[in-house]
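Taking it in order: structure first as structure tokens, then the write-up.
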Amino acid sequence: MARKKWRLVCPDSAEINQFGSQLAAYEFVDALRDAWAAGAPGSGGRVTVQVDEGNDLGWQPYEHLDFAEEGLR
């Protein structure tokens, strides 16, 4: 069985961050959320978490996050 890989794709940035674990990916999401809440420039407040489960499907969406919408809940 192949090891899952995780990555974050931000629509407001060309940067893609890849991680070896779900925990590491979501720790980075938390850092992005904190930066967005602090008003950091270039932090659009949206990110898509993708997972590659090591099969023929490649990268698949796992979760879409919008930090502004989270604040409304």
Q.
Over the Cα atoms, compute the radius of gyration (one decimal) and Dmax (the largest Cα-Cα distance, rounded to a whole number) for the chain, in Å.
A. 12.9, 42
Q) Once the dipole of the chain is set up with Lys and Arg at +1 and Asp and Glu at -1 on Cβ about the Cα centre, which of Gly44, Leu32, Phe19 lies farthest towards its positive end? A) Phe19
Q.
Starting from 0.36 nm per residue, how many nanometres of slack lie between Ser13 and Thr48 once their C-alpha separation is accounted for?
A. 11.4 nm
Q: Mind giving me the nanometre distance, one decimal, between the label points for Gln22 and Gln60, set 7 Å out from Cα along Cα→Cβ?
A: 1.3
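Treating only the Cβ of Lys, Arg, Asp and Glu as charged (+1, +1, -1, -1), what charge dipole size does the chain show about its Cα centre? Round to the nearest 20 debye. Kindly include the intermediate steps, with their values, before the conclusion.
Details: 7 positive and 12 negative charges, 30 e Å.
Magnitude of the dipole: close to 140 debye.
As a check on your grasp of the helix formula, calculate [θ] at 222 nm for the chain: sum -39500 (n - 2.57) over DSSP H runs of n ≥ 4, divide by the residue count, round to the nearest 500.
Numbers: 2 runs with 20 residues, N = 73.
Roughly -8000 deg cm²/dmol at 222 nm, from the helical runs in the chain.
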Q) Between the helical axis of 22-37 and the dominant principal axis of the chain, each derived from Cα atoms, what acute angle in degrees is found, rounded to the nearest 10? A) 20
(Q) If I take every Cα pair under 8 Å that is 6 or more residues apart in the chain, average their sequence separation and divide by the length, what percent do I get for the relative contact order? (A) 33
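No lab work stands behind these numbers, since they all come straight from the coordinates. No experiment lies behind these values; they were computed from the predicted model shown. Quick reminder, even Gly has a Cβ in these numbers, built from the backbone with ideal geometry, and neighbours come from all protein chains shown.
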